[in-house]
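Trainee: Have a look at this one before I ask anything.
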Amino acid sequence: MTSHDETGGRDLLAHALLPVANEDDALATARALEPYDVGRVTALHVVEKGGGVPDKTPVEQSEELAAESYAAVRTVFPDAGEHTAYSRDVVDAIFDAAGEVDASAIAYRPRGGNRLAQFLSGDLSAKLVTDAPVPVVALPRAESAER
């Protein structure tokens, strides 16, 4: 079901897809989204596949990490859905998941890291915000030792 505002457009946060990396990230991301008027939330965990090389972590361990992440999101959004994707490309998996769950937006919390780390990783945030098929909401990071 699609929610619409008075102007006939889709509500930005009618159904937010919330990519999460681990339990701590999931809780911090959910808390960052909490102050906003969100209709539905679907937490997404992407299990990175190796593509011809061994996976970064065993599938069972990755699925346990996903379950812990979903549980953390549900402490803030008890009715949150869950979606697990398996892919070599995390950003493409996020885009695919947005379509699969009919998300109105992708809400994420930038994970930080220095410029060299961002360059070496291909700056996933840049790809996420420039190539997304739906609006992307960058949630504020809490002022803490995360920087």
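The values are calculated or read from the model by the stated rules, or taken from the named source; none is laboratory data. For clarity, every value in this text was computed on a predicted model and none was experimentally measured. Positions of Cβ are generated from backbone atoms using ideal geometry, with glycine treated the same way; all protein chains shown enter the neighbour counts.
Trainee: Scan (1) surrounded by fewer than 18 Cβ atoms within 10 Å (Cβ to Cβ); (2) under 14 Å from the mean Cα position of the chain (by Cα); (3) modelled with pLDDT of 95 or more for the single condition LEU33 breaks and write down its number.
Mentor: (1)
For (1) at pLDDT 95 or above; (2) under 17 Å from PRO135 (Cβ atoms), each residue gets a yes or a no:
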site	(1), (2)
ALA14	yes, yes
ALA21	no, no
ALA43	yes, no
LYS49	no, no
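Trainee: Among all residue pairs at least 6 apart or on different chains, which show Cβ distances below 7 Å where the first residue, located in the range 10-30, is at negative phi and basic (Lys, Arg) and the second is part of a loop (DSSP other than H, G, I, E, B) and modelled with pLDDT of 95 or more?
Mentor: Sorted first by the residue in the range 10-30, then by its partner, the pairs are ARG10/SER104.
Trainee: Go through the residues of the range 91-109 one by one and say whether even a single one is among the hydrophobic types (A, V, I, L, M, F, W, C), modelled with pLDDT of 80 or more, part of a loop (DSSP other than H, G, I, E, B) and buried (at least 18 other Cβ atoms within 10 Å of the Cβ). Before you say what the answer is, go through the steps one by one.
Mentor: Let us first name the residues in the range 91-109 that are among the hydrophobic types (A, V, I, L, M, F, W, C), namely 91, 93-95, 97-98, 101, 103, 105-107.
Now restrict to residues that are modelled with pLDDT of 80 or more: 91, 93-95, 97-98, 101, 103, 105-107.
From what's left, part of a loop (DSSP other than H, G, I, E, B): 101, 103.
Now narrow it down to the ones that are buried (at least 18 other Cβ atoms within 10 Å of the Cβ): 103.
Scanning the range 91-109, I find at least one residue that is among the hydrophobic types (A, V, I, L, M, F, W, C), modelled with pLDDT of 80 or more, part of a loop (DSSP other than H, G, I, E, B) and buried (at least 18 other Cβ atoms within 10 Å of the Cβ), so the answer is yes.
Trainee: Is it the case that SER69 is of a type in the set (Ser, Thr, Tyr) and either in contact with a Pro (Cβ under 6 Å, 6 or more places away or on another chain) or farther than 18 Å from GLY39 by Cα (or both)? Walk me through how you get there before you give the answer.
Mentor: Values: of a type in the set (Ser, Thr, Tyr): yes; either in contact with a Pro (Cβ under 6 Å, 6 or more places away or on another chain) or farther than 18 Å from GLY39 by Cα (or both): yes.
Here the answer is yes, as SER69 does meet what is asked.
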